[in-house]
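Colleague: Let me begin by handing over the structure; questions about it come next.
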Amino acid sequence: MDYIKFFENAWILKWDHGDLMLDASLTRYQMTLILYRMKKAWLFSLPEKNCMVSFKDISELEHDKEFILALRFVVCNNILHWDNWYFLAWNKLTWVQFLAIVWRIFWDLKDWGKTWYAPYIEWAENKGYITKSWEFLNKNITRQEVFEILYKILI
């Protein structure tokens, strides 16, 4: 698994007491940390934006300094969205949400109305990241699937 070595060497994989649990679904918290670590490792470039971040549901995470920095990064750059001032850190990411995040980082596409997901899906199909069968798009994406796709994009 070349992609595992790649992300380990970039200090992006590091949680769950050494167990990567690749078949587990990815949470918004974990995706936030992955994106921040990728930026710190210069795996993609986005301008530094400064904004205030305040959510009703992250009080238990306020001691996690890396997460707070990561949260500011993803929110100020409009990479991850929120719902009524709740970040929903423990919600699991679906395939469509992940594809939207990847597109925002690497291609800076803006969401367009009711069919905001169509360009992400078309792009992912053309690249061979997903199949023409869309029924899985609202299912949770696993850590392994996330790292496999990110590796294909970066290499």
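Quick grid of which residues meet (1) of a type in the set (A, V, I, L, M); (2) in a loop (DSSP other than H, G, I, E, B); (3) under 22 Å from residue 141 (Cβ atoms):
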| position | (1), (2), (3) |
| --- | --- |
| 12 | yes, yes, yes |
| 19 | no, yes, yes |
| 22 | yes, yes, yes |
| 34 | yes, no, yes |
| 43 | yes, yes, yes |
| 69 | yes, no, no |
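Colleague: Next up: Just to verify a result, which residue in the stretch 77-102, among those that are closer than 14 Å to residue 146 by Cβ and of a type in the set (S, T, N, Q), is modelled with the lowest pLDDT?
Modeller: The residue in question is 97.
Colleague: Could you please find all residues in the stretch 45-60 being assigned to a loop (DSSP other than H, G, I, E, B) and polar (S, T, N, Q)? Quick ask: steps written out before the conclusion?
Modeller: Just the residues of the stretch 45-60 that are assigned to a loop (DSSP other than H, G, I, E, B), to begin with: 45-58.
Result: 45, 50, 54.
Colleague: Within the set of pairs 6 or more residues apart or between chains, which connect a residue that is under 20 Å from residue 29 (Cβ atoms) and modelled with pLDDT of 80 or more inside the stretch 41-67 to a residue that is among the small types (Gly, Ala, Ser) and part of a loop (DSSP other than H, G, I, E, B) with Cβ atoms less than 6 Å apart?
Modeller: Hits for this filter: 41/10.
Colleague: Among the residues of the stretch 53-73, which ones are within 17 Å of residue 38 (Cβ to Cβ) and among the aliphatic types (A, V, I, L, M)? If you could, list the steps in order and put the result at the bottom.
Modeller: Going through the stretch 53-73, the residues within 17 Å of residue 38 (Cβ to Cβ) turn out to be 66-67, 69-73.
Across the stretch 53-73, the qualifying residues are 69, 70, 71.
Colleague: Another question, if that's okay. Tally the residues that are at pLDDT below 85, surrounded by 13 or more Cβ atoms within 10 Å (Cβ to Cβ) and not hydroxyl-bearing (Ser, Thr, Tyr), restricting the search to the stretch 103-152.
Modeller: Matching residues across the stretch 103-152 total 16.
Colleague: Scan the stretch 71-95 residue by residue and report those that are part of a helix (DSSP H, G or I) and more than 11 Å from the chain's Cα centre (by Cα).
Modeller: Going through the stretch 71-95, the residues part of a helix (DSSP H, G or I) turn out to be 71-76, 95.
Result: 71, 72, 73, 75, 76.
The values are calculated or read from the model by the stated rules, or taken from the named source; none is laboratory data. These figures come from a predicted structure and were not determined experimentally. Ideal geometry is used to build each Cβ from the backbone, glycine not excepted, and the neighbour counts take in all protein chains shown.
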